[in-house]
Amino acid sequence: MHSGAVDTMATFVSGEEQPSLNGLNSDSQAKKLTDLPTELLEHILCFPVLKHVDICNVSCCCKRLHDVCHGRGKVWGHQYKLRWPRLQRFYRQNECCDWLKEYKTRHRVGIQIRRTVESISKRFFTEVVRRCLLFYYIESLGMPEHFCEDELLFILNSDKRKSLTLKYYAKKILYFLRQQNILRSLKTFLEQPAEQQSALEGAVLVDQYCNPLADVTLDSISAQLDEITEKVKKMLRIKNSSHPSLHIAQGEHLVVEDFELQRQVVCALNSVLYEQLQYKGNEFDYYNPLNSYIHQVLLRHTGIPISLSVLYMTLARKLGVQLEPVNFPNHFLLRWCQKPRGSDDIYDFVYIDAFGKGKQLTAKECEYLIGHQVTADYYSAISTTEVLLRMVGNLLNIGKRGEGNEKSYQLLRDSLDLYLTINPDNVQYLLLQARLYFHLGIWPEKVLDILQHIQALDPSQHGAVGYLVQHTLEHIQHKKHPVTPEVKRRSTPEHLEVQYSVGLIMKHKRSGYNCVIYGWDPKCTMSQEWITTMRVHQLSNGANQPFYNVLVQDGTCRYAAQENLEPHSAPLEIGHPEVGRYFSEFAASHYVANEELQTRYPEDMDDTLGTVQEIKKKNIDLK
């Protein structure tokens, strides 16, 4: 609040006489602010212009205002809700709460979270962030988790181009916190009796774990499915106005027994899903992980067999038709029993291909679909847990097919976490997880725990386990004696040929990609094998020229020769997930190196600014 407003309020509180229009004082005009009813005082003190500091000052004026501004009252409740609106969902409507205490706690958490994030940025600049340490950092605060999450979101939603390093680590912490909560929910889900487990809920948990920063909830997904269900009912009503499925209320479970009535539901479902809403199998981009995430399937109206089957099966059950999931090789299917009391004969079922627009197949036609014969076991119905393993297995395979960038490694890590939560004793994937962590150079203590578990489960793996144990122990020993990072000064004689500096936005002359420099070497430091593979010898200056570490717009990190790079004539933001690790701000024409990167390259920022000025001058001259 402005000082003038504070002074005015203080005057009214103190009861100093105010002049009347004719210059005289009257008793009626000598009213004090404190004479007003409590409800009116609360209303005044809830004006949006008043901040928490103003309320503190007002409450110190006198006992009357101190009582009006008590911790459980409307005034502090308003201040709390005004400053942190996202937290309202954690309180019941009209809940009586010590809002002043909540305000102080949330304020204190905000300060501590920022300090924690800043300390993490200094600690992990030279290594991959270890999730176990993130958990230790946050747990050690001893603060309510929803307060921690709210402050992290506040950091992430601040000025887009500033505080990039703070946002980078805030995002990692938030990612981890949410994943921990989702993992707990998944474990609770898996403990439920099999008949109570919903494939849709399991699919949502998988989606949430792989996309913890997205706004994905079971309620929002269910609401979208309810909308589709209503469209199917509308179609059914045209065909059969007395159909029993029309009277199934939301959340009610009713099974339609009559096969003709079931057929009408399936026909209406196919018509709405594939003709009206244009859902289809994604044949052209089959290995895109978005096809496996249920919220993306609903958004993009496309998916793979298993995600479309979960959607189809859930909708059918909402309308009274029981379909079962079938773990058919290479092509997930649903089966629909044609016998009133069930059957074990595979020929008593119709098989539905949700990927193929709901096409109905016989057992023999299913084999034509994949091009070879299979045993009867493959036509059996599977549990929800097995559906989730198949779904996560698809994501695992996509991660293994990835290009070795941060995005594919993250998918591989997330899908391995999910798979081993569902099936913790799978030796193949335990070994893959250990190898992945070893390859990334992260969490060596966890690697040793995994290897010990593998050895107990399958002693025949002692060769692979022994190799990884030896090298992991060497890695742990090496980390006890960290090497002081090299400081590279441009002014030293061996660096005089280096033309470009960190923070410059560049264009690759041959490949055409846009990138930002985050490091450089006066000569190529890669192995001879890499130099041969990348045909460096074909460059005019070969390996004997400066090479630059660059973050590329497509999310990859590359090592580019100086002769292949040129400053971008129209600098633009580089949408790379690791930008915040090295830079604190995007300054329209270049990136500003953060404190840690500037320590490595102490003379680079001056050169970056000089180059930027030259580019601006050149662009002006061209005009």
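Which order, highest average first, do 309-318, 235-244 follow once you tally other Cβ atoms within 10 Å for each residue and take the mean per peptide?
The densest-packed peptide leads the list: 309-318, 235-244.
What FRET efficiency comes out for the pair residue 339/residue 241, r = Cβ-Cβ distance, R0 = 30 Å, nearest 0.05?
Calculated value: 0.55.
In 10 Å bins starting at zero, report the fraction of Cα pairs in the range 424-483 per bin as a rounded %.
Using 10 Å bins, I get a P(r) of 24, 56, 17, 3 for the range 424-483.
Out of all DSSP beta bridges with both ends in the chain, state the antiparallel percent to the nearest 5.
Around 95 percent of the beta bridges assigned by DSSP in the chain are antiparallel ones.
What net charge is computed for the residues neighbouring residue 509, neighbours being all others with C-beta under 12 Å from the C-beta of residue 509, Lys and Arg scored +1, Asp and Glu -1?
Here the charged neighbours net out to 0.
Can you work out the FRET efficiency for the pair residue 286 and residue 368, with r the C-beta to C-beta distance and R0 = 22 Å, to the nearest 0.05?
According to the calculation, E is roughly 0.65.
Relative contact order for the chain: what percent, with Cα pairs under 8 Å and sequence separation of 6 or more?
Value for the chain: 10 percent.
Net charge within 10 Å of residue 291 by Cβ-Cβ distance, Lys/Arg positive one each and Asp/Glu negative one each, not counting residue 291 itself?
0
What lysines does residue 359 reach when the alpha-carbon gap must be under 28 Å and sequence neighbours fewer than 8 apart in one chain are set aside?
Result set, ordered by chain and number: 231, 233, 234, 239, 280, 318, 339.
Distance between the C-alpha centers of the range 268-312 and the range 482-537? Whole Å please.
Measuring centre to centre over Cα atoms gives 44 Å.
Using the Kirkwood formula over every pair of different C-alpha atoms, what hydrodynamic radius in Å results for the chain?
For the chain, inverting the mean 1/r across all distinct Cα pairs yields 29.9 Å.
Summing +1 for each Lys or Arg and -1 for each Asp or Glu, what net charge is found among the other residues whose Cβ lies under 15 Å from the Cβ of residue 63?
Residues close to residue 63 contribute a combined charge of 0.
So what is the accessible area of the chain per residue, in Å², with the probe set to 1.4 Å?
In whole numbers, the chain has 52 Å² accessible per residue.
May I ask you to order 228-234, 331-337 by the average number of other C-beta atoms within 10 Å around their residues, highest value first?
Averaged packing, sorted descending, gives the order 331-337, 228-234.
Treating only the Cα positions of the range 199-388 as identical point scatterers, give the base-10 log of I(q)/I(0) from the Debye formula at each q in 0.08, 0.16 Å⁻¹.
-0.25, -1.03
Counting alpha carbon pairs within less than 8 Å and at least 6 residues apart, what relative contact order, in whole percent, applies to the range 335-405?
19
With label points built 7 Å along Cα→Cβ from the Cα atoms of residue 32 and residue 540, find their separation and express it in nm.
According to this spin-label approximation, the distance is 8.7 nm.
List the lysines whose Cα lies under 28 Å from the Cα of residue 616, skipping any in the same chain that are fewer than 8 positions away.
In chain and number order, the partners are 160, 162, 488, 507, 509.
The values are calculated or read from the model by the stated rules, or taken from the named source; none is laboratory data. Here the structure is a predicted model, which means the values were calculated and not measured. Every residue, glycine as well, gets a Cβ built from its backbone with ideal geometry; the counts of neighbours run over all protein chains shown. For accessibility, only protein heavy atoms count, side chains too; no ligands or nucleic acids. Shrake-Rupley method; radii C 1.70, N 1.55, O 1.52, S 1.80 Å.
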